[in-house]
1. For the range 50-70, give me each residue that is β-branched (Val, Ile, Thr) and out of contact with any helix residue (DSSP H, G or I) (no Cβ under 7 Å at 6 or more places or on another chain).
2. Here is a list: Gln73, Gln105. Which entry is touching a helix residue (DSSP H, G or I) at 6+ places or on another chain (Cβ under 8 Å) and at pLDDT below 85?
3. Six or more apart or on different chains, Cβ atoms under 6 Å: show the pairs whose first residue is in the range 97-126 and touching a residue at least 40 places away in the same chain (Cβ under 8 Å) and whose second is of a type in the set (D, E, K, R) and surrounded by 19 or more Cβ atoms within 10 Å (Cβ to Cβ).
4. Of all residues in the range 16-49, which are touching a helix residue (DSSP H, G or I) at 6+ places or on another chain (Cβ under 8 Å) and open to solvent by less than 50 Å² (accessible area, probe 1.4 Å)?
5. Answer with yes or no whether Leu108 is open to solvent by 60 Å² or more (accessible area, probe 1.4 Å), of a type in the set (A, V, I, L, M, F, W, C) and on the phi < 0 side of the Ramachandran plot.
6. Exactly one condition in (1) closer than 17 Å to Arg126 by Cα; (2) modelled with pLDDT under 85 is false for Ala85; which is it?
Amino acid sequence: MDQNRNPLSSHGDSMPGSFVWSGAVGIMGLVGLFVAARAGHGIAYDGGLVFFAFAVLFIFLMIKRGYDKAEGQLSGGLPLFVRVAVAVAIGYLLHGISAASAPDQAMLVGVVSAVVVFALLAIVDRIAIRAQ
């Protein structure tokens, strides 16, 4: 391998994969938005909006990764405090939603959803870094 190659010239190898991932997640995010619109309220509404937000954040992460790669920088992924903050915010949101229908299990729903969101963000972070 030539170490003096332009990083832009080697950029074309992984770009189709990035476009495919971003396109698939974008389509699924739009499906989540349509599910939320059709549901009107309840868990399907909230789940559709959360999935749409996840899709938008994932696409922004892929855009960031593309610019970092074009500039020749290695991406460290999302900082830990960002992953924790997003997980806590979504856990708190789902705790509030479930408190109305199942007050006994609202804390469990909030904690489990925060852990699952944190794990999903860690997996997405690994996918984005490994794709480099």
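1. Once the filter is applied, which keeps residues that are β-branched (Val, Ile, Thr) and out of contact with any helix residue (DSSP H, G or I) (no Cβ under 7 Å at 6 or more places or on another chain), the range 50-70 yields only Ile63.
2. Working: Gln73 fails: touching a helix residue (DSSP H, G or I) at 6+ places or on another chain (Cβ under 8 Å).
Checking each option against the conditions leaves just Gln105.
3. The qualifying pairs are Leu121/Arg83.
4. Ser18, Ser22, Val25, Gly26, Gly29, Gly32, Ala36, Ala39, Ala44, Asp46, Gly47, Gly48
5. yes
6. Against the list (1) closer than 17 Å to Arg126 by Cα; (2) modelled with pLDDT under 85, Ala85 comes up short only on (1).
The values are calculated or read from the model by the stated rules, or taken from the named source; none is laboratory data. Computed from a prediction, not measured in an experiment: that's the story for all the values here. No Cβ is skipped: glycine too gets one built from the backbone with ideal geometry, and neighbour counts run over all protein chains shown. To get the accessible areas, we keep the full protein, side chains included, count just its heavy atoms, and leave off ligands, DNA and RNA. Shrake-Rupley method; radii C 1.70, N 1.55, O 1.52, S 1.80 Å.
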